[in-house]
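Structure record follows, encoded as structure tokens.
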Amino acid sequence: MQSTNVDVPTPDGTADAYLARPESGGPFPGVLLFMDAFGLRPRIAEMAETIAGRGYVVLAPNLFHRAGRTRPVDMSALADDSRRAELFAQVGPMIAALTPDTVARDAAAYLDFLAAQPDVAPGPAAITGYCMGGTNALRAIEAHPDRIAAVAAFHAGRVVTDAPDSPHLGVGAVTGELYFGHADQDASMTAEQIAELEKALDAAGVTYRSEVYPGAHHGYTQADTPMYDERATERHWVALFDLLERTFRG
């Protein structure tokens, strides 16, 4: 396994990223990993390496590159009520800056960079996304249905909103397969919102699986946060690799 830091050119500047790949062999299918709101950090690198270890080339870009290169985040603030609000105030504007248009432009650049790697197999890629990364992965496949064969979104929030550009309203463009691993305890994706998402997917004829992980909280896959749930995370790995195997190996 090889893991390196790389710079990805985009129309709006350079995005720093992790690139993980098997040490030899190939070509391998390409996978994008869209981070959560707390940015590139050792946990994201570890997850990219886990996926690469199963025979994929994985690119995990800094989705917040417009705000500068990745800076360390004090994750201990999540467990401190007095500091938690301050942390979310820092990342909130960066999340809001990821509009459908910016996500579409960035996704095209990430896909170009991944496809140009010598050990990446030709053809569409897949995306796995976490929290806001899952929501933006859905936006990416809606923008580039011919270039993305599958998306897995885990504890994705605000997939269904009242906004005219709510992510769930664009699923009619999707031709690949989708997987949603919802957190049972997630105020940003309630049971009512999950039902609304599934209604839109059914109406559009999208191939998908939508599952609720009992007892899991928003952020359950992130081992460096208080929301981590080991059992739910293991279930997420099974679901993700099942999707990737079906997508790329039949």
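Counting only residues that are in contact with a strand residue (DSSP E or B) (Cβ under 8 Å, 6 or more places away or on another chain) and open to solvent by less than 40 Å² (accessible area, probe 1.4 Å), region 146-170 holds 10 of them.
What do you reckon, is Ala143 touching a helix residue (DSSP H, G or I) at 6+ places or on another chain (Cβ under 6 Å), open to solvent by 10 Å² or more (accessible area, probe 1.4 Å) and farther than 28 Å from Arg235 by Cα? So Ala143 fits the description; yes. Listed by first and then second residue, the pairs with beta-carbon distance under 6 Å, at least 6 apart or on different chains, first residue in region 224-247 and among the charged types (D, E, K, R), second buried (at least 19 other Cβ atoms within 10 Å of the Cβ) and part of a helix (DSSP H, G or I), are Asp224/Arg43. Looking across region 199-216, the residues that are under 17 Å from the mean Cα position of the chain (by Cα) and either open to solvent by 40 Å² or more (accessible area, probe 1.4 Å) or within 20 Å of Arg147 (Cα to Cα) (or both) come down to Tyr208, Arg209, Glu211. Whether a residue is free of Cβ contacts under 8 Å to residues at least 60 places away in the same chain and hydroxyl-bearing (Ser, Thr, Tyr) was assessed, and Tyr220 does not pass this test.
Given (1) open to solvent by less than 30 Å² (accessible area, probe 1.4 Å); (2) among the aliphatic types (A, V, I, L, M); (3) in a helix (DSSP H, G or I), where does Leu98 come up short, assuming only one miss? With (1) open to solvent by less than 30 Å² (accessible area, probe 1.4 Å); (2) among the aliphatic types (A, V, I, L, M); (3) in a helix (DSSP H, G or I) applied to Leu98, the lone miss is (3). Restricting attention to region 218-250, the residues that are farther than 20 Å from Ala45 by Cβ, open to solvent by 80 Å² or more (accessible area, probe 1.4 Å) and in contact with a Phe, Trp or Tyr (Cβ under 7 Å, 6 or more places away or on another chain) total 1. Close contacts from region 47-65, counting a first residue that is under 21 Å from Arg249 (Cα atoms) and a second that is surrounded by 24 or more Cβ atoms within 10 Å (Cβ to Cβ) and among the basic types (Lys, Arg), with Cβ to Cβ under 6 Å and a gap of 6+ residues or different chains, come to Ala52/Arg21; Val57/Arg21.
The values are calculated or read from the model by the stated rules, or taken from the named source; none is laboratory data. It should be emphasised that the depicted structure is a prediction, and the values quoted were computed from it without experimental measurement. Please note: Cβ atoms are built from the backbone with ideal geometry, for glycine as well, and neighbour counts cover all protein chains shown. The protein model used for the area step is the full one, side chains on, heavy atoms only, and it has no ligands, DNA or RNA in it. Shrake-Rupley method; radii C 1.70, N 1.55, O 1.52, S 1.80 Å.
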